[in-house]
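Remarks on the structure that follows.
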Amino acid sequence: MTDATAPSSRAASALRRVPLSLVIVVSLLALLIATGAVLSDRFATLSNFLNVFQQAAGLGFASLGQTLVILTGGIDLSVGAMISLTSNLTSGWIDGNPGRVIPVVLAVIALGGAIGSINGMLSYYLRIHPLIVTLGMAAVLQGTTLLYSLAPAGSVPVEFEVFAYGRIFGLSVAGLVMVGLFVVVGVFLHRTRTGSAIYAVGGDPHAAHLLGISVPRVMMLVYGLSGAFAAFTGIYFVSRMGSGDPWRGEGFELASITPVVVGGTVLTGGKGGVLGTLLGVYLISLLNNLLNFLDISTFYQWIIQGLIIITAVAMHVERSKDS
């Protein structure tokens, strides 16, 4: 091989190692942007992309936690109710007092993590499928939210809104925090033993146990992180709306799963990662943004998300049969 052909050969080899799911989601992003530019003159503009970068943060936080759970072969259907509960508790407990902001935010994130860990513990020790456990927990959390308040509770200082609306060099603070968290979790998954253990549990829990991996600890960790990220989502929405909402998380069970599946993380666990989820978050956010520009009902957006999940899962199943 000559020196001239060596770099191109290495580049081709690197491209072959890129997962097909990432190639697909990047292609879909490019197609969506091109289509949107034709359908709406407001879509493919820098100001709109910056707005989407900001608005995608809520979906991103929730989907990041969901990714960790799905990597173990589980699912967290309590995400939406957790967002509703933590949203209302955050504004209710702060109640306009600036001195309460930091302790309440930390307490709410800790509460979300603790409840999430309980999901993982119940699923493992009671041998109940996570779908059932988290669905039951969702009912408990939503009921608790409505017992606390049937309407938006409390308020937050205006400075608290900097998290949702503040910008650094033109980029959203919340969007930057979201990307930063994706980077941290990505490094955690691929550069630590615990991250490898998460993939191992998703691939085969029994084999992971034989390798000395504590499966219950991994389960409690990923569900705890999912709960914490859902709580963080609730906090973000309080910053964005100025108060909590007892129904703020409605529909996020489906919404948080969609970018994960679209990004290539398989529902059976053990394959995928946060980069695909991040791209999936922007794909779904841009799609919803375009549909809003086209004045298409939110109900149709739910239908489209459902169809996207079915299509993505069907594609993964078909690919696994061929491999």
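Of these, GLY73, GLY60, which one is assigned to a helix (DSSP H, G or I), of a type in the set (Gly, Ala, Ser) and closer than 22 Å to LEU189 by Cα? Give the steps one after another, and end with the answer.
Working: GLY73 fails: assigned to a helix (DSSP H, G or I).
From the options GLY73, GLY60, the qualifying one is GLY60.
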SER256 is checked against (1) farther than 20 Å from SER27 by Cβ; (2) outside any helix (DSSP H, G or I); (3) modelled with pLDDT of 90 or more and fails just one. What number does that condition carry? (2)
Exactly one condition in (1) under 24 Å from GLY195 (Cα atoms); (2) crowded, with 20+ Cβ neighbours inside 10 Å; (3) of a type in the set (A, V, I, L, M); (4) at pLDDT below 90 is not met by LEU267; state its number. (2)
Is there a residue in region 206-214 that is farther than 20 Å from HIS190 by Cβ and either surrounded by 19 or more Cβ atoms within 10 Å (Cβ to Cβ) or touching a Ser or Thr at 6+ places or on another chain (Cβ under 8 Å) (or both)? no
Residues of region 227-253 classified as assigned to a helix (DSSP H, G or I) and crowded, with 21+ Cβ neighbours inside 10 Å, total: 15
Boolean, GLY269 is touching a residue at least 24 places away in the same chain (Cβ under 8 Å), outside any helix (DSSP H, G or I) and farther than 30 Å from SER149 by Cβ: yes
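Give me a count of the residues in region 281-323 that are small (Gly, Ala, Ser), at pLDDT 80 or above and not in a helix (DSSP H, G or I). Working first, answer last.
Within region 281-323, the first condition is being small (Gly, Ala, Ser), and the residues that meet it are 285, 297, 306, 312, 314, 320, 323.
Within this subset, residues satisfying the condition of being at pLDDT 80 or above are 285, 297, 306.
If we keep only those that are not in a helix (DSSP H, G or I) as well, we get 297.
Qualifying residue count for the region: 1.
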Any residue that is among the hydroxyl-bearing types (Ser, Thr, Tyr) and crowded, with 24+ Cβ neighbours inside 10 Å - is there at least one of those in region 53-64? yes
Select from region 208-226 the residues that are without any contact (Cβ under 8 Å) to a residue 60 or more places away in the chain and part of a helix (DSSP H, G or I) and write down the one among them that is farthest from TYR124 (Cα to Cα). LEU210
Kindly state which helices (runs of 4 or more DSSP H) lie completely within region 98-194 and contain at least 2 residues that are surrounded by fewer than 14 Cβ atoms within 10 Å (Cβ to Cβ) and modelled with pLDDT of 95 or more. 101-125, 130-148, 173-191
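The values are calculated or read from the model by the stated rules, or taken from the named source; none is laboratory data. Owing to the predicted nature of the structure, the values given are computational and were not obtained by experimental measurement. In this analysis, Cβ positions are derived from the backbone assuming ideal geometry, glycine residues included, and neighbour counts consider all displayed protein chains.
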